[in-house]
Amino acid sequence: MARVVGDEVSNKQVIFRDYVTGFPKESDMYLRTGTIKLKVPEGSKAVLVKNLYLSCDPLMQFFMRKVQGPDRYDYYTPGSPVFGYGVGKVLDSGHPDFKAGDLVWGMTGWEEYSLITKSEGLIKIQHTPDDDVPLSYYTGILGMPGMTAYAGFYEVGAPKKGEYVFVSAASGAVGQLIGQFAKLTGCYVVGSAGSKEKVDLLKNELGFDEAFNYKEEHDLNIALKRYFPHGIDVYFEHVGGKMLDAVLLNMRHNGRIAVCGMISQYNLEEHEGIKNLLQIGFKWIHMKGYTHLNYYHLYPKFLDLVLPYIREKKIVYVEDIAEGLESGPAALVGLFTGRNFGKQVVAVARE
């Protein structure tokens, strides 16, 4: 039955149970069905959306922790819905930039319907019914992970034609794009991943020159020397720990390391130490951290580059779509064991 603005309807939600230490578990979240009125409160600039697709991102596990003191991020509140990046359809709006029927991406709740009060972070999607770009792409290649890959490649690492590029966690939402940007630029690209199937994906579908399963390597330093006999010019860091230590030994002079994640360290009680930091000084290595938040102003430029690549099939993007809001907790937790194959998405509703 069609929903009408002003109706009060049931609203299935994924609720955060309590603060987490260590690896998140499915039991840290639970399903609840509440109600919501499909109407923005009078005088509010909020936006009411029907959620279509939700993004599972490693960053979300940080929101589950109890943090003392000020921080730049909002954190989950026990007993309230989980939130993250998603794609939704506007049902009602008090904000002048959005109207009913618009498609948007940005921060939203893990629920069927969300009243978004911090609407300044929403981005309108220019999408028509005959558009050949899937809406789910705005959780990945055309959303936060895509912006992260674009900023990391073109603004931070900035590889040049002929340079040697290494990407860790290369089959993930960000890594798969960085590798393809590097190939389009004329670089030699190697990626690491955690299974034979993911290595095959990198080499056979995504165009990486080489790839290896880090779980099968007894010595990462030796593995990197095998794939980079001349050393690494640019490393895109998503893993940290032993991988970063080995990379430092194999960097070339004036090499660059772009750091946007270290997923191997996120849930350890005590982070692994890095032994080879002297290499930064010896080899004049430039190592810079970044997130997509530094580069939102480049989003129009990013779309101008990436949309033609997608439509011309010069870029492939692999998604792992879990169906239904109830599948969300397992999909999110699966990120930390490498269960996903490509960008992990939860489909709440197709329209």
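The values are calculated or read from the model by the stated rules, or taken from the named source; none is laboratory data. Remember, it's a predicted structure, so these values are computed and weren't measured experimentally. In this analysis, Cβ positions are derived from the backbone assuming ideal geometry, glycine residues included, and neighbour counts consider all displayed protein chains. What goes into the accessible areas is simple: the full protein's heavy atoms, side chains included, and nothing from ligands, DNA or RNA. Shrake-Rupley method; radii C 1.70, N 1.55, O 1.52, S 1.80 Å.
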**OP:** Hey, can you tell me all the residues within the stretch 58-73 that are in contact with a helix residue (DSSP H, G or I) (Cβ under 9 Å, 6 or more places away or on another chain), at pLDDT 80 or above and open to solvent by 10 Å² or more (accessible area, probe 1.4 Å)?
**Re:** 58, 59
**OP:** Looking only at the stretch 271-296, count how many residues are assigned to a loop (DSSP other than H, G, I, E, B) and either within 23 Å of residue 221 (Cβ to Cβ) or in contact with a helix residue (DSSP H, G or I) (Cβ under 6 Å, 6 or more places away or on another chain) (or both).
**Re:** 11
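Would you pick out the residues in the stretch 129-142 that are closer than 29 Å to residue 175 by Cβ and part of a loop (DSSP other than H, G, I, E, B)?
Residues satisfying the conditions are 131, 132, 133, 134, 140, 141, 142.
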**OP:** Among the candidates 143, 162, 157, single out the residue that is closer than 30 Å to residue 220 by Cα and crowded, with 24+ Cβ neighbours inside 10 Å.
**Re:** 157
Original post:
With respect to the numbered conditions (1) open to solvent by less than 10 Å² (accessible area, probe 1.4 Å); (2) under 13 Å from the mean Cα position of the chain (by Cα); (3) touching a residue at least 24 places away in the same chain (Cβ under 8 Å), which one is the sole condition not fulfilled by residue 137?
Top reply: (1)
Subject >> Residue among 254, 204 that alone is in contact with a Phe, Trp or Tyr (Cβ under 6 Å, 6 or more places away or on another chain) and surrounded by fewer than 14 Cβ atoms within 10 Å (Cβ to Cβ) >> reply: 254
**OP:** Name the single residue, out of those in the stretch 274-300 being without any contact (Cβ under 8 Å) to a residue 60 or more places away in the chain and open to solvent by less than 60 Å² (accessible area, probe 1.4 Å), that is nearest to residue 238 (Cα to Cα).
**Re:** 289
Original post:
Is there a residue in the stretch 113-128 that is closer than 22 Å to residue 173 by Cα, at pLDDT 90 or above and open to solvent by 60 Å² or more (accessible area, probe 1.4 Å)?
Top reply: yes
**OP:** Inspect the stretch 216-234 for any residue being within 17 Å of the chain's Cα centre (by Cα) and under 16 Å from residue 261 (Cα atoms) and give the result as yes or no.
**Re:** no
Subject >> Complete set of residues in the stretch 235-260 that are closer than 18 Å to residue 190 by Cα and of a type outside the set (A, V, I, L, M, F, W, C) >> reply: 235, 237, 238, 240, 242, 245, 250, 252, 255, 256
**OP:** Determine which member of the set 14, 40 is out of contact with any helix residue (DSSP H, G or I) (no Cβ under 8 Å at 6 or more places or on another chain) and among the hydrophobic types (A, V, I, L, M, F, W, C).
**Re:** 40
Subject >> Residues that are in a loop (DSSP other than H, G, I, E, B), at pLDDT 95 or above and open to solvent by less than 30 Å² (accessible area, probe 1.4 Å), drawn from the stretch 320-348 >> reply: 324
**OP:** Give the residues of the stretch 32-41 that are of a type outside the set (Gly, Ala, Ser) and either without any contact (Cβ under 8 Å) to a residue 40 or more places away in the chain or open to solvent by less than 80 Å² (accessible area, probe 1.4 Å) (or both), sorted by residue number.
**Re:** 32, 33, 35, 36, 37, 38, 40, 41
Original post:
Is it true that residue 301 is farther than 25 Å from residue 23 by Cα, in a strand (DSSP E or B) and under 22 Å from the mean Cα position of the chain (by Cα)?
Top reply: no
Subject >> residue 14 vs. criteria assigned to a strand (DSSP E or B) and touching a residue at least 12 places away in the same chain (Cβ under 8 Å) >> reply: yes
**OP:** Would you be able to tell me the number of residues in the stretch 91-112 that are under 16 Å from residue 39 (Cβ atoms) and surrounded by fewer than 16 Cβ atoms within 10 Å (Cβ to Cβ)?
**Re:** 3
Subject >> Hits in the stretch 187-232 (condition: of a type in the set (A, V, I, L, M) and either assigned to a helix (DSSP H, G or I) or on the phi > 0 side of the Ramachandran plot (or both)) >> reply: 199, 201, 202, 220, 222, 223, 224
Original post:
Limited to the stretch 232-249, what total is found for residues that are open to solvent by less than 10 Å² (accessible area, probe 1.4 Å) and farther than 19 Å from residue 289 by Cα?
Top reply: 0
**OP:** Return yes when residue 87 is in contact with a helix residue (DSSP H, G or I) (Cβ under 7 Å, 6 or more places away or on another chain), closer than 30 Å to residue 239 by Cα and at pLDDT 95 or above and no when it is not.
**Re:** yes
**OP:** Can you confirm whether the stretch 33-51 contains a residue that is within 22 Å of residue 147 (Cα to Cα) and in contact with a Phe, Trp or Tyr (Cβ under 9 Å, 6 or more places away or on another chain)?
**Re:** yes
